[in-house]
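Presented below is the structure to which this report refers.
Coordinate-derived values only; no laboratory data. This structure is a prediction, so every number in the text was calculated from the model and none was measured. Here the Cβ positions follow ideal geometry from the backbone for every residue, glycine too, while neighbour counts run over all protein chains shown.
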Amino acid sequence: MIKLYDGGAYLLNGNEILADTPEVLQEVKAKTGKDITKEEAQKGTIAYGILEAHNTSGNMEKLKIKFDQLCSHDITFVGIIQTARASGLEKFPIPYVLTNCHNSLCAVGGTINEDDHMFGLSAAKKYGGIYVPPHQAVIHQYAREMMAGGGRMILGSDSHTRYGALGTMAMGEGGPELVKQILSQTYDINMPQVVGIYMTGAPKRGVGPQDVALAIIGAVFANGYVKNKVMEFVGPGISNLSADFRIGIDVMTTETTCLSSIWRTDSEIEEYYEIHGRKEVHKELNPADITYYDGMVEVDLSAIKPMIAMPFHPSNVYTIDEVNANLKDILHEVEKKAMVSLDGAVEYSLQDKIRNGKLYVEQGIIGGCSGGGFENICEAADILKGKYIGADEFTLSVYPSSTPIYMELIRNGCMATLMETGAIVKTAFCGPCFGAGDTPSNNAFSIRHNTRNFPNREGSKLQNGQISSVALMDARSIAATAANQGYLTSAEGYEADYGKYKYHFDSKIYANRVFDSKGVADENVEVKLGPNIKDWPEMAALPENLVLQVVAEIHDPVTTTDELIPSGETSSYRSNPLGLAEFALSRKDPQYVGRAKEIAKAQKAVMEGKCPMTVKPELKEVMKVINEKFPQAGMGNVGFGSTIFAVKPGDGSAREQAASCQKVLGGWANIANEYATKRYRSNLINWGMLPLVIKEGELPFKNLDYLFFPEIRKAVEEKDEIIKAYAVKDNQLAEFELTMGELTAEEREIILKGCLINYNRV
């Protein structure tokens, strides 16, 4: 089904793979008649060509990328624009789309959500952007329909910014990376490795894109096979997939922790653009006749079965048949894994989901950027035709990912079919994917064609003793389960009369409702600032020396951004930096905020020219120990703040708030064994925080200990590979070492200045 190569591989003429061996180039020459080096063959990837066209550095090893377009949603665009405004923003230099699909219900916090929407509309007018009102489209569907194009690059402030199936290399990053583009700066990375995803065969009846995606995620996540790399989809199997099917796989590549994705394109994608009235943006993309990939994943589409990602991660995958055949054993294994994620905060059991020897689920959801596509919903309707979901606990909600899709489902009758079953059809909305819509009851089990199933993503609150579970499945098997009134069912072999539906895109829907400035800025427009919209607080430059208190210690194998700053209803406060920060780590370490605030008082005193020991008396003893070895450390050259330790933080969302909330609470650093994603590490850097790494197994400190970093500013300036630090323990200093990894000159300067705002401030 899925095969991973131990090393690199050559792809010949798009349909023959040769594993990289000492003799392979001789074989390549024998088969093609061409004498080529590995370095030359690496340039044959689709990814290389697109990156080269967007690189401004002149050095393909050290890229400085300028994107063609930007997109953000209503959890992130206020902070991004406020940051850019503080740096002298006058006009968006490239098309920037502001969608409203995350907090569009406006259900929490009084007027603050709609205030942010009005901020977005006024900013689009003032700076020359595009504004998509609530309920019109989820961010990624609008981008597919109206922004993507062959050979383009798009940067979005949402982790699932993926349009590779349409020939567009797209990346999801934290807000500061978009700020850089808005200020005509660059996205700086080393040339990423490219891994080929070679597809053969065709999917079986009842198998959908989510099934293929989950199978791939299960094969590559834990071993980091594609981490921070580009996934390039090639092979003859792609021709057997519709555009919608490819899109459904592609959006889930984020869950592999890859950097980006790109697919070979063909007449199927050309037709997609033609349907959307944009045929001219199509560009046929293929790898060169001889192409080298840094890794290779073979995917036999015909061997993939309906899958389920059990709680609490998209990589926790099984076939649905496996779950049904080994129900008790698998549920027990899921419970054991869950207790690691839940820290024993609540009692957790799935055994009560077994009814009459079958797994019963209380909720099904099909929607968002991964599930709300036209074909997914049409085939779900075909499976459910003539059935009903019952009048018991099980419910089914369907969210088409855009109003044009919604309209076509009305016209072709699929909407009526779904509603006749008892399903509820709703507007385009991302809420169920991040904990702000369709929250199930306590202890309920939900199956969803969405992107993630992290703890709390369904809206439960561990701190209140509430927990429910989400499993990821394809729309087809969700529909089959709904047809069986909540009993887990694979769509493979399920009797259904699948129709052939032709999609017709109604462009008038957007033309009549979306504000498009056409790139024209109007300086006379005043940006509307609701009472919750606050400026970023003042942030100090990196001092000569640092005293940090460890205020949270997390030993989970992976810490998600949702655990660093909860998603869901708390996101309503995202436009108030200090207000949102009150929720930081609240579902992981409720004492974090109070502890961080206490040590932050010392830094505030320093910035006001006062003695920090007057507000934090225990620092007197800490400094006494430090001064025995470092007598020069004192007033005027020491900064104070907090840090956290986590084994592997940053999996999941691109939201910058996972880092910025720590920063506004006085955070100066993270200490980790490794960082789960490039985007989280970048968020730390852009908020002036040190992305420190300590070797696994070496932890010379514990929670609430003080750490001293002598000459830390000099270490950053002089590019020291080793950062020396000291734990203040038992009235003495215990030395240990950390690293920060590679930093660009700009990244070092951002850290030295204290944050991106300070770096850009005019």
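Segment 480-535 and segment 1-50 have their alpha-carbon centroids 40 Å apart. Taking every C-alpha pair closer than 8 Å and separated by at least 6 residues, the mean separation divided by the residue count of segment 469-597 gives a relative contact order of 16 percent.
Taking every C-alpha pair closer than 8 Å and separated by at least 6 residues, the mean separation divided by the residue count of segment 124-197 gives a relative contact order of 19 percent. Arranged from fewest to most other beta-carbon atoms within 10 Å of their beta carbon, HIS504, HIS140 become HIS504, HIS140. Over the chain, dividing the summed -39,500 (n - 2.57) contributions of all DSSP H runs of at least 4 residues by the number of residues returns a 222 nm mean residue ellipticity of -8500 deg cm²/dmol. Cα-based values for the chain, radius of gyration first and Dmax second, are 25.8, 81 Å. Highest mean first, the peptides 229-235, 660-666, 277-283 sorted by other C-beta atoms within 10 Å per residue fall in the order 660-666, 229-235, 277-283. Taking each of LYS34/LYS279; LYS610/LYS719; LYS336/LYS648 in turn, the alpha-carbon distance tops 25 angstrom for LYS34/LYS279; LYS610/LYS719. Per-peptide packing, taken as the mean over residues of other Cβ atoms within 10 Å, places 161-170, 563-572 in the sequence 161-170, 563-572 from highest down.
Rounded to the nearest 5, the antiparallel percentage of DSSP beta bridges internal to the chain is 40%. Computed across segment 64-166, the Kirkwood radius stands at 14.1 Å (inverse of mean 1/r, all Cα pairs).
Distance between the C-alpha centers of segment 404-474 and segment 68-116? Whole Å please. Measuring centre to centre over Cα atoms gives 24 Å. Start at zero, step by 10 Å, and the Cα-Cα distances of segment 545-760 spread as 8, 36, 39, 15, 1 percent across the bins. For segment 444-516, the Kirkwood estimate of the hydrodynamic radius, built from every pair of different alpha carbons, is 15.6 Å. Counting neighbouring Cβ atoms within 10 Å and putting the fewest first, the residues GLU608, GLU52 line up as GLU608, GLU52.
The spacing between segment 259-310 and segment 684-762, judged by their C-alpha centroids, is 41 Å. Remark on segment 46-108: hydrodynamic radius 14.2 angstrom, per the Kirkwood mean of 1/r across alpha carbon pairs. Note on segment 319-496: along the principal axes its Cα atoms extend 49, 32, 26 Å, ordered by decreasing extent.
In which sequence would GLU333, GLU408, GLU656 go, from the one with the fewest C-beta neighbours within 10 Å to the one with the most? Spell out each step's value before the answer.
Values: GLU333 14, GLU408 22, GLU656 33.
Lowest count first: GLU333, GLU408, GLU656.
Here the Debye sum runs over all C-alpha atoms of segment 221-321 as equal scatterers in vacuum, and log10 of I(q)/I(0) at q = 0.11, 0.14, 0.15 Å⁻¹ comes out as -0.41, -0.66, -0.76. The value of relative contact order for the chain, using C-alpha pairs under 8 Å at least six residues apart, is 14 percent. Close amide-amide hydrogen proximity is noted between ASN450 and MET473, each under 5 Å apart and 5 or more residues distant or on a separate chain (H modeled in the peptide plane; Pro and chain starts excluded). The Rg/Rh ratio for segment 151-282, using Cα coordinates for both the radius of gyration and the Kirkwood hydrodynamic radius, is 0.98. The packing ranking, built from the mean of other Cβ atoms within 10 Å per residue, places the peptides 336-342, 484-490 in the order 484-490, 336-342, highest first.
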